[in-house]
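Have a look at the structure below, then the notes.
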Amino acid sequence: MDLDLILVGGGLANGLIALKLAKVRPELRVAIVEAADRIGGNHTWSSFDGDLRSAQRAWTARLYVKQWRGYVVAFPGYRRTLGLGYASATSDRLDAEVRGVVPPERLFFGQPVTAITPTSVTLADQTTLRAKAVIDGRGALPSRHLDLRWQKFVGQHVELAEPHGLSHPIVMDATVAQQDGYRFVYVLPFGNRELLIEDTYYSDGADLDPEALRARIADYAANRGWKIARLIREEQGVLPIALGGDIAAFWDEGEAGVPRTGLRAAMFHPTTGYSFPDAARVADLIAGIKNLDAPKLYAALRRHSEAAWKARGFYRLLNRMLFLAAEPGRRYAILERFYRLDEGLIARFYAGTSTLFDKARILVGKPPVPIRRALKVMKEKPRHA
Ligand SMILES: Cc1cc2nc3c(=O)[nH]c(=O)nc-3n(C[C@H](O)[C@H](O)[C@H](O)COP(=O)(O)OP(=O)(O)OC[C@H]3O[C@@H](n4cnc5c(N)ncnc54)[C@H](O)[C@@H]3O)c2cc1C
């Protein structure tokens, strides 16, 4: 098969690349090799309005199942409705859209890739595919060079017996009992009787106990007076939260010279673990590269990832404050204090575009963590013991 580009892993990052290239470079012959039987797995990917430019919102528009004007956060001593818009895309939509633009003979499902070079991939059945370039988007690459903690959750998309009455998403409800780190419940109102309820933890360990979390979702719903009539679907996630790392050493790991995207390229917001905005940005970047050969792509993607990592040091510092300086049961106090700040500052924080003034504003004042511990974690180390 004569191919220009092979996307290894049909997840979020590579799915968006396929969509963007189909729009602006339809002459390119792009193939996707995915271990599972569908594109995108089983996810709801949300983002704040400020995270994407309006042109990016426009070309990803068909992926959104719901958009809201504003969102709510709630803490033991404080509740606030913010005006920033929020949008949710789903893997079902991504799957349908990608199938609409990549012809079936170039979609290889149920085919785990076993070997990969900058210009070829070998499938489990020993077939080899070649192209001018290969992009590795197989999801997180376990690495000793990244110092990570976890945002982990179980989410249940449920139908209620009665209308829930919510008009806005609750992005954090931290009025719940604090356990296993910083705990909050995340609620997206999809229809007037439909909710996605996620029980979430900013935790030191990546282990997830789905049964316990399901029980807590049921308790939360009952406490709110919501009677669950039916479980529509369930999703789980263990997202990386970055405290430190050596991005050059991270890129030196893995297959030499193979371009990488998504979590494989450490392209995520260090504090939220969100990667939808980064994935849209990288798809734009790739679409703008004239000659998509492997060395050019590798250089461009590595440069982009390393620059993003360096620019995001402030967010890793905040993560160290959250995970290393604050007592786990008191982590919520850092977030509660943060959400009292100016709305524009909060929007820029999510978008990863905090100004110097924003950073100073976040750090000044009486810190909700012991000052000696805060000072100890100021400096980023490649990896904490
Ligand atoms: C349930 C959940 C909800 C999330 N919600 C949000 C959110 O609201 N907003 C946000 O911005 N981020 C969110 N994230 C975080 C992040 O956006 C996702 O993790 C995102 O899917 C990462 O994109 P990716 O393309 O790097 O990896 P993935 O989307 O995980 O894609 C990797 C793909 O590679 C395939 N693969 C792996 N190995 C092989 C192999 N050997 N051969 C072939 N294929 C292979 C996998 O099957 C998978 O389809 C969420 C994550 C999860 C898990």
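The values are calculated or read from the model by the stated rules, or taken from the named source; none is laboratory data. Because the structure is predicted, anything quoted here is derived from the model rather than measured. Don't worry about glycine lacking a Cβ; one is built from the backbone with ideal geometry, like all the others, and counts go over all protein chains shown.
List, please: which pairs have Cβ atoms under 7 Å, are six or more places apart or on different chains, and start with a residue in the range 1-18 that is of a type in the set (D, E, K, R) and end with one that is in a loop (DSSP other than H, G, I, E, B) and more than 6 Å from the ligand (Cβ to nearest atom)?
Correct list of pairs: Asp2/Arg29; Asp4/Leu28; Asp4/Arg29; Asp4/Leu292.
Can you tell which of Gly273, Gly254, Gly225 is on the phi > 0 side of the Ramachandran plot and within 16 Å of the chain's Cα centre (by Cα)?
Numbers: Gly254 fails: within 16 Å of the chain's Cα centre (by Cα); Gly225 fails: within 16 Å of the chain's Cα centre (by Cα).
Exactly one of Gly273, Gly254, Gly225 is on the phi > 0 side of the Ramachandran plot and within 16 Å of the chain's Cα centre (by Cα), namely Gly273.
Somewhere in the range 63-75, is a residue within 14 Å of the ligand (Cβ to nearest atom), under 30 Å from Arg330 (Cβ atoms) and in a strand (DSSP E or B)?
Yes, there is a match, as at least one residue in the range 63-75 is within 14 Å of the ligand (Cβ to nearest atom), under 30 Å from Arg330 (Cβ atoms) and in a strand (DSSP E or B).
Determine whether Gly237 is among the small types (Gly, Ala, Ser), within 20 Å of His43 (Cβ to Cβ) and surrounded by fewer than 23 Cβ atoms within 10 Å (Cβ to Cβ). Steps first, answer last, please.
On the way: among the small types (Gly, Ala, Ser): yes; within 20 Å of His43 (Cβ to Cβ): yes; surrounded by fewer than 23 Cβ atoms within 10 Å (Cβ to Cβ): yes.
In short, yes.
Identify the residue in the range 302-333 that is in contact (Cβ under 8 Å) with a residue 60 or more places away in the chain, more than 25 Å from Arg264 (Cα to Cα) and not charged (D, E, K, R) and, among all such residues, is surrounded by the most Cβ atoms within 10 Å (Cβ to Cβ).
Once the filter is applied, the top-ranked residue is Tyr332.
In the range 223-246, which residues are more than 19 Å from Gly155 (Cβ to Cβ), among the small types (Gly, Ala, Ser) and in contact with an Asp or Glu (Cβ under 8 Å, 6 or more places away or on another chain)?
Here is the first cut: in the range 223-246, the residues more than 19 Å from Gly155 (Cβ to Cβ) are 225, 242-246.
From the residues that got through so far, the ones that are among the small types (Gly, Ala, Ser) too are 225, 242, 244-245.
Listed by number, the residues that qualify are Ala242, Gly244, Gly245.
Going through the range 25-45 one residue at a time, which ones are of a type in the set (Gly, Ala, Ser) and near the ligand (Cβ under 7 Å from one of its atoms)?
Filtering the range 25-45 for residues of a type in the set (Gly, Ala, Ser) gives 31, 35-36, 40-41.
Hits for the range 25-45 are Ala35, Ala36, Gly40, Gly41.
Only residues that are modelled with pLDDT under 90 and farther than 21 Å from Gly273 by Cβ: list them for the range 331-363, please.
Leu363, the sole residue that qualifies.
I need the full set of residues from the range 1-10 which are in a loop (DSSP other than H, G, I, E, B) and either modelled with pLDDT of 95 or more or near the ligand (Cβ under 7 Å from one of its atoms) (or both), in order please. Quick ask: steps written out before the conclusion?
In the first step, residues of the range 1-10 are kept if they are in a loop (DSSP other than H, G, I, E, B); the result is 1-2, 9-10.
Residues satisfying the conditions are Gly9, Gly10.
Answer yes or no as to whether Gly352 is in contact with a His (Cβ under 7 Å, 6 or more places away or on another chain) and either buried (at least 19 other Cβ atoms within 10 Å of the Cβ) or within 20 Å of Trp150 (Cα to Cα) (or both).
For Gly352, the condition - in contact with a His (Cβ under 7 Å, 6 or more places away or on another chain) and either buried (at least 19 other Cβ atoms within 10 Å of the Cβ) or within 20 Å of Trp150 (Cα to Cα) (or both) - is met.
Being at pLDDT 90 or above, of a type in the set (A, V, I, L, M) and not assigned by TED's automatic domain parsing to the domain that holds Gly70: is that true of Leu285 here? Spell out the reasoning first.
Working: at pLDDT 90 or above: yes; of a type in the set (A, V, I, L, M): yes; not assigned by TED's automatic domain parsing to the domain that holds Gly70: no.
Taking the combined requirement at face value, the residue does not satisfy it.
Within 15 Å of the ligand (Cβ to nearest atom), at pLDDT 95 or above, outside the structural domain of Leu196 (by TED's automatic domain parsing) and not β-branched (Val, Ile, Thr): is that true of Leu52 in this structure?
Details: within 15 Å of the ligand (Cβ to nearest atom): yes; at pLDDT 95 or above: yes; outside the structural domain of Leu196 (by TED's automatic domain parsing): yes; not β-branched (Val, Ile, Thr): yes.
The answer is yes for Leu52.
Only one of these is away from the ligand (no atom under 16 Å from the Cβ), in a helix (DSSP H, G or I) and not β-branched (Val, Ile, Thr): Ala18, Ala13, Ala22, Ala96. Name it. Spell out the reasoning first.
Values: Ala18 fails: away from the ligand (no atom under 16 Å from the Cβ); Ala13 fails: away from the ligand (no atom under 16 Å from the Cβ); Ala96 fails: away from the ligand (no atom under 16 Å from the Cβ).
The conditions single out Ala22.
Identify the residue in the range 25-58 that is part of a loop (DSSP other than H, G, I, E, B) and within 18 Å of the chain's Cα centre (by Cα) and, among all such residues, is farthest from Glu234 (Cα to Cα). Explain how you work it out, then say what you get.
Applying the first criterion (part of a loop (DSSP other than H, G, I, E, B)) to the range 25-58 yields 25-29, 35-43, 52-53.
The next check asks that each one be within 18 Å of the chain's Cα centre (by Cα); those that pass are 39-43, 52-53.
Numbers: Ile39: 17, Gly40: 15, Gly41: 12, Asn42: 8, His43: 9, Leu52: 27, Arg53: 30 Å.
Out of the qualifying residues, it is Arg53.
Please pick out the residue among Arg138, Arg80, Arg99, Arg130 that is in the same structural domain as Gly15 (by TED's automatic domain parsing) and within 30 Å of Gly344 (Cβ to Cβ).
Of Arg138, Arg80, Arg99, Arg130, the one residue that is in the same structural domain as Gly15 (by TED's automatic domain parsing) and within 30 Å of Gly344 (Cβ to Cβ) is Arg80.
Is it the case that Glu234 is away from the ligand (no atom under 16 Å from the Cβ), in contact (Cβ under 8 Å) with a residue 12 or more places away in the chain and not basic (Lys, Arg)?
Working: away from the ligand (no atom under 16 Å from the Cβ): no; in contact (Cβ under 8 Å) with a residue 12 or more places away in the chain: yes; not basic (Lys, Arg): yes.
So Glu234 does not fit the description; no.
Within the range 248-275, work out how many residues are touching a helix residue (DSSP H, G or I) at 6+ places or on another chain (Cβ under 7 Å), surrounded by fewer than 23 Cβ atoms within 10 Å (Cβ to Cβ) and assigned to a helix (DSSP H, G or I).
Residues in the range 248-275 being touching a helix residue (DSSP H, G or I) at 6+ places or on another chain (Cβ under 7 Å), surrounded by fewer than 23 Cβ atoms within 10 Å (Cβ to Cβ) and assigned to a helix (DSSP H, G or I): 2 in total.
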